[in-house]
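Trainee: Let me begin by handing over the structure; questions about it come next.
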Amino acid sequence: MRRTVRYILATSNPMGDLEALERLVRLAPDTGADALAVLGNLMPKTAKGRDYAALFRLLAEAHLPTAYIPGPEDAPIWDYLREAANVELVHPHMRNVHETFTFWKGPYLVAGMGGAIAEEGEPEEKEALRYPAWVAEYHLKALWELKDYPRIFLFHTLPHHKGLGEAGSHEVAHLVKTHNPLLVIVAGKGQKHETLGASWVVVPGDLSEGEYSLLDLKARKLETGNVR
């Protein structure tokens, strides 16, 4: 076992596809991953009886340090948070990092902000998860007191970057440039990566399409795969 996290197995938008998630968890040992990152939407808004407990129990079977955030469709937030709190009591390697942070071996500080991040407006957590940029800025403010740690950020909202080939948020790009994390993992379809300032920005793929990526944090290389 490595003394520090180097390889991160990452994906986004499982959308309640537990079969795809189970395949990802089963292949984790063969990838040599040191940690796992999963970005919402964990469950589709339209799903009946959304079972976050089953999803989190499945993720725990990877037996890896695991960080996750909700997506815009993981509303109301209370169902997600309740089941995250329950699973983390039994499996301390599991950590929700939405509006908070954890540590991985390195040590790396892993922080996140789920949902959609918009320029303005009011926070929304009942019908959809949506936050104005100042809310994300406020929750990340505490990281200035931990500035000695290299940072890994998880966002559902893509930062603005021409090289990523699609529209993104100027507000998230500003947050990235302000905090200068080593790595930013962002939800989205297609597996791609770019640099934004000194930060490595990675879209690991969409698990509802079978996509995932293995990130080599040291070499900044991406190995893509599909569970289907």
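Trainee: I need the trypsin sites (Lys or Arg not before Pro) found in region 131-187, filtered to DSSP loop residues with at most 14 other beta carbons within 10 Å of theirs. Numbers along the way, then the final one.
Mentor: Values: sites: Lys141, Lys147, Arg151, Lys162, Lys177; in loops: Lys147.
Of the trypsin sites (Lys or Arg not before Pro), the ones in loops of region 131-187 whose Cβ has at most 14 other Cβ atoms within 10 Å are Lys147.
Trainee: Sticking with this one: If you take the beta carbon distance between Leu146 and Thr4 as r and set R0 to 25 Å, what does 1/(1 + (r/R0)^6) give as a FRET efficiency, to the nearest 0.05? Please list the in-between numbers first.
Mentor: On the way: r = 17 Å, r/R0 = 0.70.
It comes to 0.90.
Trainee: Do any of Lys105/Lys177; Lys141/Lys221; Lys105/Lys126; Lys45/Lys192; Lys105/Lys141 go past 28 Å between their Cα atoms, and which? Write down the numbers at each step before the final one.
Mentor: Working: Lys105/Lys177 24 Å; Lys141/Lys221 30 Å; Lys105/Lys126 35 Å; Lys45/Lys192 26 Å; Lys105/Lys141 22 Å.
The answer is Lys141/Lys221; Lys105/Lys126.
Trainee: From the residues Thr66, Leu21, Gly210, which one has its Cα farthest along the dipole of region 7-226 in the positive direction, the dipole being from +1 and -1 charges on Cβ of Lys/Arg and Asp/Glu about the Cα centre?
Mentor: The residue sitting farthest along the positive end of the dipole is Thr66.
Trainee: Please rank Ser199, Ser208, fewest neighbouring Cβ atoms within 10 Å first, as an exposure proxy.
Mentor: The order, fewest Cβ neighbours first, is Ser208, Ser199.
Trainee: Kindly identify the chain as rounded, prolate or oblate by the Cα gyration tensor criterion: order the square roots of the eigenvalues as a ≥ b ≥ c, call it rounded if a/c is under 1.5, otherwise compare a/b with b/c, prolate if a/b is larger, else oblate.
Mentor: The shape class here is rounded.
Trainee: Which is the longest run of the chain containing none of the GluC sites (Glu not before Pro) found in DSSP loop states (not H, G, I, E, B) with at most 11 other C-beta atoms within 10 Å?
Mentor: Longest gap between qualifying sites, sites excluded: 1-118.
Trainee: Now for a separate question. So which trypsin sites (Lys or Arg not before Pro) in region 1-60 are both in a DSSP loop and have at most 16 other Cβ atoms within 10 Å of their Cβ? Provide the component values of the computation, followed by the final result.
Mentor: Values: sites: Arg2, Arg3, Arg6, Arg23, Arg26, Lys45, Lys48, Arg50, Arg57; in loops: Arg2, Arg3, Arg6, Lys45, Lys48, Arg50.
Here the trypsin sites (Lys or Arg not before Pro) that fit, given the DSSP loop and packing criteria, are Arg2, Arg3, Lys45, Lys48.
Trainee: Run lengths n ≥ 4 of DSSP H only: what is the helix-derived mean residue ellipticity at 222 nm for the chain, with -39500 (n - 2.57) per run over all residues, to the nearest 500?
Mentor: Here the helix-only value at 222 nm equals -7500 deg cm²/dmol.
Each reported figure results from applying straightforward, stated rules to the coordinates on display, with no laboratory input. If you're wondering where the values come from, they're calculated on a predicted model, not measured in any experiment. Don't worry about glycine lacking a Cβ; one is built from the backbone with ideal geometry, like all the others, and counts go over all protein chains shown.
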